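S.K.: Structure below; questions to follow.
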Amino acid sequence: MSHENIHYQIEDRVATITIDRPERRNAMTYAMNAEYGRLIDEAGKDDSVQVLVLTGTGGAFCAGTDLSALDAQAPDKKGGPAVVREPGRGWWALADCPKPTICAIDGPAVGMGAEFTSHADIRVASTRARISWIFAQRGLVPDTGAGTWLLPRLLGVPRAMELLYTGRFLGADEAKEIGYLHAVVEPDELVKATRELADTILKGSPFAHRLTKGLVYEGLSRSAAEHIPQSGKALQACFGSEDHKEGVQAFLEKREARFTGR
């Protein structure tokens, strides 16, 4: 399936969403954002998909919101684009997706593009990746709310605050050094490195992946006393799953497991 600027394909259990608007460095419009969210939701519900990858084309990941298109983005009474925030993480589509998610970052990821990278579970980048939460320089706060909630949890408060206050570009090597990136490779190796990571993830149980991701993200906003019982419930569900039985059998038979996600 494809959209004019958002492409979607599935290959060997890995779905890839590609932002394809190179003439604007993959800057997002309202319509693109809607399609992006729809496709992530579709991948999350598709049993044939076990890992989801987000990337961009033309040597760029995403230059953020297309500021030249703001007039078309449902202005409110104050003259700015309408902003609606529902309870929960509805604007963090990759974080909400129950499948493991990877961002493959080549070139600039700016503003909303930087936010997208923080929504993913794991990030792989090329040597020319440059990430900037540039919002303060536009008189804004991070537009999806992830920069002020997820980023401090990923990097620690002082480092996140410095990036948010200054809006400076975070280079690939520094981003890996501080733990934001899983790996940095040459641009022509990015697709291969991302696929190798996805293939490693595919060896695990989709059933366990789904519960693990839920526990991690939900655990970010609850106490240990609240978290441990939920972890116990998830573990009990795993014990009763077909994936657990298959995992044990595969271990005993010294073969790779053939998980079904059930």
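S.K.: Take Thr144 and tell me if it is assigned to a helix (DSSP H, G or I), buried (at least 21 other Cβ atoms within 10 Å of the Cβ) and not assigned by TED's automatic domain parsing to the domain that holds Glu246.
M.R.: no
S.K.: Could you pull out the residue among Arg130, Arg138 that is farther than 23 Å from Val14 by Cα and out of contact with any strand residue (DSSP E or B) (no Cβ under 8 Å at 6 or more places or on another chain)?
M.R.: Arg138
S.K.: Considering each residue of segment 232-262, count those that are surrounded by 13 or more Cβ atoms within 10 Å (Cβ to Cβ), in the same structural domain as Thr212 (by TED's automatic domain parsing) and not in a helix (DSSP H, G or I), and give that number.
M.R.: Number of matching residues: 1.
S.K.: Same structure, new question: Of the residues in segment 204-231, how many are free of Cβ contacts under 8 Å to residues at least 24 places away in the same chain and outside any helix (DSSP H, G or I)?
M.R.: Final tally of qualifying residues: 3.
Let's see how each residue does on (1) polar (S, T, N, Q); (2) modelled with pLDDT under 95; (3) farther than 22 Å from Lys99 by Cα; (4) in a loop (DSSP other than H, G, I, E, B):
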{"residue": "Glu4", "(1), (2), (3), (4)": "no, yes, yes, yes"}
{"residue": "Gln9", "(1), (2), (3), (4)": "yes, no, no, no"}
{"residue": "Thr18", "(1), (2), (3), (4)": "yes, no, no, no"}
{"residue": "Glu23", "(1), (2), (3), (4)": "no, yes, yes, no"}
{"residue": "Ala31", "(1), (2), (3), (4)": "no, yes, yes, no"}
{"residue": "Glu35", "(1), (2), (3), (4)": "no, yes, no, no"}
{"residue": "Gly44", "(1), (2), (3), (4)": "no, no, no, no"}
{"residue": "Ser48", "(1), (2), (3), (4)": "yes, no, no, yes"}
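S.K.: Which one of these is farther than 21 Å from Ala125 by Cα and modelled with pLDDT of 95 or more: Pro187, Pro152, Pro158?
M.R.: Pro158
S.K.: Here is a follow-up. How many of the residues in segment 220-229 are closer than 20 Å to Asp121 by Cβ and modelled with pLDDT of 95 or more?
M.R.: Final tally of qualifying residues: 1.
The values are calculated or read from the model by the stated rules, or taken from the named source; none is laboratory data. In this text the structure is predicted, and so the values were computed from the model without any measurement. Because the Cβ atoms are built from the backbone with ideal geometry, glycine has one as well, and the counts that use them run over all protein chains shown.
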